[in-house]
Amino acid sequence: MPLASIIGQDRTIALLRGILRRNIAAHCYLFSGEGGIGKTQAAHEFAKALLCREIPDDACGVCANCERIDAGIHPDVRTIGGEERQIKIDEIRAIDESLGKKAFEGGRKVVVVRQADTMNSAAANAFLKTLEEPPPESVIILVSSRPELLPDTIRSRAQNVRFYPVPRGEIVRMLEPEFRGEADIRSRLASGRASLAVDPELLKRRDEFLDGLRRAVRGEAEADQIWGGREEIDLWMDQAIAWLRDIVAWQASGSSALLVNADREREIQAAASRSNIKAVSSLLSEIYRVKELLRFNLNKQITFQYILMRLAPVLR
Amino acid sequence: MKLTVSRESLLKGLQVIQGIVEAKSTISILSHMLLSSGENGTTISATDLEIAVREPLEAAVHSTGSACIPAKKLYEIVREINSQEITIEQLENNWINITGGRSKFRLIGLPEKDFPQFPDISGGESITMAASDLSDIINKTLYATGDNDARYSLNGLLFHANPSTGRLVVVGTDGHRLAVASKDLAASLSEERKVILPRKAASEARKLADSTANDITISFNNNNLVFSVDGIVMISRLIEGSYPNYEQVIPRNNEKRMKGTRTELLGAVKRAALVGREKTFTVRLEISEGLAVFSSNNPELGEANEPVEVEYSGEPLTLGFNARHTVDLLQAMNGEFVTMELQDSLIPAIIRETGNTDYFCVLMPMRT
């Protein structure tokens, strides 16, 4: 059963299933929490469960409603957002108009807005009226990993449903059957994001990016050679953050228990002994800040070169 | 599935659904139509998730089945093809063969199971009316509905069937003008029905009514309104919410009556509006005994003055109207004479086809 199969969000899922069981769905929910921990999946399954006629508090996954929602062709379920661009006012107006009509098939109407924080302000404002006085039988699910970027006026109209990073132990348990030897390192690299933990490319990509960073700062490769395009910038930043974090963790605790890149303990140890904790942690907070600034229109390639330059003393 | 149809009947069937299939929908299945033949004969279905249409198609069926075919493309092919008979055959992997004369087309279809389910239309109560009557009442009210209004309920026509008065009343308004048309209910309903039909569906229903001479059946269901005639079934989703209480805005004490020839008034308003201010579109109407003068002035262009002889006896009166709204309603009317019922310059005017009690419009005046 799909809602029940979402990993590590037991309390949240229990809350959602309670809502379904007692048939008391509110008109608007905000699924919030870090990226990659199952919010979008939960929103999709919740939408199915709201319309599934087979099981009262979950989605069966095989009835006509569930199948069509999975295929994205259910007339009363709409999903917008989740693309690498802003959500525009026209899309919101289309949603408003569609919710203003009775359900095509007579049940509920469900709208899922992925990455709701990418609504531009005109779109968000256009949504307010519908969120304030939602038409009967409609449920709007906003999904956001950065709810603080949503206008207060939107947040205050939605019931917040929090999702939390999945505890490492649970990820390990989930990984055990399929990724025997890799379960531990994968659970560390995933940092609570179940969808990342099962990514087959996870380790390979980590190695590629981390080694790329190090080659570039040592002058073994040109920055332009390893730069694969603007959509990679987040991956590079995350890699750099994890590495710096590991160095600080080692310097502070002297133990490998807290490391993300636990399989690279020796290299971390070496880097930790070369630099001081203050310098590394201030560099770390700077990279965090730059990462935050990326949502404004920073030139990604220049940002990347800047990060390389700043990393040089630590990674060399 | 394999069947042979005459080009003419297929073309006619495809024409009916062209207004409904969306050429550039985000959901690709909606630009397709479902052609299916089974025990109940062959049918064509199409939907844009607001309106769904199913119509019968006369065909010689060689083998039964269903296929989703790109509707616009098929229409274009059938229109151009040089043969009286067309054969449509479904192949593996949703490929569709279309042959007629020497032409052969192979189109990529979609799996039949992806096509939206046809809504459940059982159990509603029905009324019947002449197609020309339905076309007429939609025609007389549709122009007054809102377009993309944030108050959703205004973006459609109210169909109010009231068994206690025995009337079907159809209302359109956008808050500035109101049109009310009514007809006798031919059947008795067990309860009062008030539904709001979206604008696009109303316009498709009018097209459907214009295409036939037979009586149309209108069924009221919980979530939809169904129009059926000649085997064609058209279902529309309804607009949620309640319609504003339009009766409140109908003025009660409009005792001044002005009667004029409709086409003369229409022409006068159109001409007077030519030099009007484009943004506000106001025309001024000055009425005195026996004469109505439409005028407009625009500081950048100049003035226009259009006198029309009318029947009027009473105090002289000056009002302002939105020219486009006035033109719309005079165009939608079809009697020879119209009567305006007025009170003073800030009270809405009631406009009727003289002698017709089944139809009237209310027009908000503008300050001149």
request  = Go through A:ILE69, A:ILE87 for me and flag whichever is surrounded by 23 or more Cβ atoms within 10 Å (Cβ to Cβ), closer than 30 Å to A:GLU232 by Cβ and touching a helix residue (DSSP H, G or I) at 6+ places or on another chain (Cβ under 7 Å).
outcome  = A:ILE87
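For residues in region B:64-116 being within 14 Å of chain A (Cβ to nearest Cβ) and buried (at least 16 other Cβ atoms within 10 Å of the Cβ), which is farthest from B:MET234 (Cα to Cα)?
Among those residues, the one meeting the criterion is B:LEU110.
Have a look at B:ASP120, B:ASP136, B:ASP147, B:ASP174 and point out the one that is under 20 Å from the mean Cα position of the chain (by Cα), outside the structural domain of B:GLU76 (by TED's automatic domain parsing) and surrounded by fewer than 16 Cβ atoms within 10 Å (Cβ to Cβ).
That would be B:ASP147, the only listed residue that is under 20 Å from the mean Cα position of the chain (by Cα), outside the structural domain of B:GLU76 (by TED's automatic domain parsing) and surrounded by fewer than 16 Cβ atoms within 10 Å (Cβ to Cβ).
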ask   = Which one is farthest from B:GLY65 (Cα to Cα) among residues in region B:91-124 that are in contact with a Ser or Thr (Cβ under 8 Å, 6 or more places away or on another chain) and assigned to a strand (DSSP E or B)?
value = B:SER103
query = Does A:VAL139 fit the bill of being under 26 Å from B:SER236 (Cβ atoms), at pLDDT 90 or above and β-branched (Val, Ile, Thr)?
reply = yes
key: Selected residue (criterion: farthest from the other protein chains (Cβ to nearest Cβ)) from residues of region A:39-54 that are surrounded by fewer than 22 Cβ atoms within 10 Å (Cβ to Cβ) and in a loop (DSSP other than H, G, I, E, B)   = A:GLU54
task = Tell me, yes or no, whether region A:177-184 has at least one residue that is in contact (Cβ under 8 Å) with a residue 24 or more places away in the chain and assigned by TED's automatic domain parsing to the domain that holds A:ARG289.
result = no
query = Of the residues that make up region B:215-229, is at least one at pLDDT 90 or above, within 14 Å of chain A (Cβ to nearest Cβ) and touching an Asp or Glu at 6+ places or on another chain (Cβ under 7 Å)?
reply = yes
Which numbered condition B:GLU125 fails, given (1) more than 17 Å from the chain's Cα centre (by Cα); (2) surrounded by fewer than 16 Cβ atoms within 10 Å (Cβ to Cβ); (3) charged (D, E, K, R) = (2)
note = The correct count of residues that are away from chain B (no Cβ under 14 Å), of a type in the set (A, V, I, L, M, F, W, C) and either touching a Gly at 6+ places or on another chain (Cβ under 7 Å) or in a strand (DSSP E or B) (or both) in region A:114-139 is 2
note = All-but-one check, A:GLY82 against (1) closer than 18 Å to A:ALA42 by Cα; (2) facing another protein chain (nearest Cβ under 9 Å), failing number (2)
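Which ranges mark the strands (runs of 3 or more DSSP E) fully within region B:217-289 that have 1 or more residues being of a type outside the set (Phe, Trp, Tyr) and assigned by TED's automatic domain parsing to the domain that holds B:GLU192?
Those strands (runs of 3 or more DSSP E) span B:224-229, B:232-237.
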task = Please find, within region A:93-105, the residue that is nearest to the other protein chains (Cβ to nearest Cβ) out of those that are closer than 21 Å to A:ASP117 by Cα and touching a strand residue (DSSP E or B) at 6+ places or on another chain (Cβ under 6 Å).
result = A:LEU99
request  = Go through (1) in contact (Cβ under 8 Å) with a residue 24 or more places away in the chain; (2) over 13 Å from A:LEU213 (Cβ atoms); (3) basic (Lys, Arg) one by one and return the number of the condition A:ARG310 breaks.
outcome  = (2)
task = Working carefully through the options B:ARG7, B:ARG54, find the one that is under 30 Å from B:ALA201 (Cβ atoms), at pLDDT below 95, away from chain A (no Cβ under 14 Å) and surrounded by fewer than 20 Cβ atoms within 10 Å (Cβ to Cβ).
result = B:ARG7
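Within region A:194-237, considering only helices (runs of 4 or more DSSP H) that don't extend past its boundaries, which have at least 1 residues that are within 30 Å of A:ILE171 (Cα to Cα), touching a Gly at 6+ places or on another chain (Cβ under 6 Å) and modelled with pLDDT of 80 or more? Don't jump to the end; show me each part of the working.
Working: elements: A:194-197, A:202-218, A:223-226.
Hits in region A:194-237: A:194-197.
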task = Test each condition in (1) away from chain B (no Cβ under 12 Å); (2) out of contact with any helix residue (DSSP H, G or I) (no Cβ under 7 Å at 6 or more places or on another chain) for A:VAL111 and report the one that comes out false.
result = (2)
message = Suppose we filter A:ASP90, A:ASP57, A:ASP70 for residues that are of a type outside the set (Val, Ile, Thr), more than 8 Å from chain B (Cβ to nearest Cβ), outside any loop (DSSP other than H, G, I, E, B) and touching a Lys or Arg at 6+ places or on another chain (Cβ under 8 Å); which single one remains?
response = A:ASP70
message = I'd like to know if region B:18-32 contains one or more residues that are assigned to a helix (DSSP H, G or I) and under 20 Å from the mean Cα position of the chain (by Cα).
response = yes
key: Tally, over region A:130-158, of residues that are surrounded by 13 or more Cβ atoms within 10 Å (Cβ to Cβ) and not hydrophobic (A, V, I, L, M, F, W, C)   = 13
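The values are calculated or read from the model by the stated rules, or taken from the named source; none is laboratory data. Small disclaimer: the values here were computed from a predicted structure and weren't measured. Reconstructed Cβ throughout: ideal geometry from the backbone, glycine too, with neighbour counts over all protein chains shown.
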